[in-house]
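The values are calculated or read from the model by the stated rules, or taken from the named source; none is laboratory data. Bear in mind the structure is a predicted one, so any value in this text is a computation, not a measurement. As a convention, Cβ positions derive from the backbone with ideal geometry for all residues, glycine included, and neighbour counts pool all protein chains shown. These accessible areas exclude ligands, DNA and RNA; they are computed on the full protein's heavy atoms, side chains included. Shrake-Rupley method; radii C 1.70, N 1.55, O 1.52, S 1.80 Å.
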Amino acid sequence: KVDAAYIKSIKDAGFKNLDAEKMVPLKALNIDAAYIKEIRDAGYKDVTSDQLVTFKAQGIDKKYIESVREIKGDKGDKDDADDIVSFKAMNITPEFINSFKAVGYNNIPHDRLVAFKALGVTPEYIKGWQDAGFKNLDLDDLTGMKSQNVTLEFMKSFTDLGYKNIKPEDLIAIR
């Protein structure tokens, strides 16, 4: 329960003006001064109570935040809470990110990694297109084609009719 000792500990952690509506989810998720310190030590000095609730509900801790930073290759000054939460929610792992290096895609931006994961863009999907002669597909083409279910078979149906040099944006528009 939210008692005087809990309220004091949260206030002592820097949250001076939280009402009961904000305190209840903190308590329900067992967010305490130690967790608040851990998240702040991870670089979120101005973390809000809502962000704490979201982080805790997703199982995000300092170790996870550091792993995301390592994945992204930054020192923590470029990420925001939404990046951390979306990586966790979409289960974007170092293995997922590194799998794209084998097909020539390095340093994929955060929003594209999330889109790739959500749409099911895989290295195998990209490799299929590369093997079909589409060597330098940009990230927008890949997400556009996958979201519109543009497959190699769909493209082949046009090449079989004699259409050559079909561009990805044309396949997306036709679909």
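Counting only protein heavy atoms and using a 1.4 Å probe, the accessible area of Y64 comes to about 40 Å². Averaged over its residues, segment 95-163 has an accessible area of 55 Å² per residue, based on protein heavy atoms and a 1.4 Å probe. Only protein atoms count toward the accessible area here, which uses a 1.4 Å probe; on the chain, the carbon and sulfur part of that area reaches 50 percent. At the residue level, S99 shows approximately 40 square angstrom of accessible surface with a 1.4 angstrom probe and all protein chains present.
I need the trypsin sites (Lys or Arg not before Pro) found in segment 1-95, filtered to DSSP loop residues with at most 12 other beta carbons within 10 Å of theirs. Please list the in-between numbers first.
Details: sites: K1, K8, K11, K16, K22, K27, K37, R40, K45, K56, K62, K63, R69, K72, K75, K78, K88; in loops: K1, K16, K45, K75, K78.
Sparse-neighbourhood loop trypsin sites (Lys or Arg not before Pro): K1, K16, K45, K75, K78.
Partners of K11 within straight-line reach, counting lysines whose Cα lies under 28 Å from its Cα and excluding those fewer than 8 residues away in the same chain: K1, K22, K27, K37, K45, K56, K62, K63. Separation of segment 47-68 and segment 1-41 by C-alpha centroid, Å? Centre-to-centre (Cα) distance: 14 Å.
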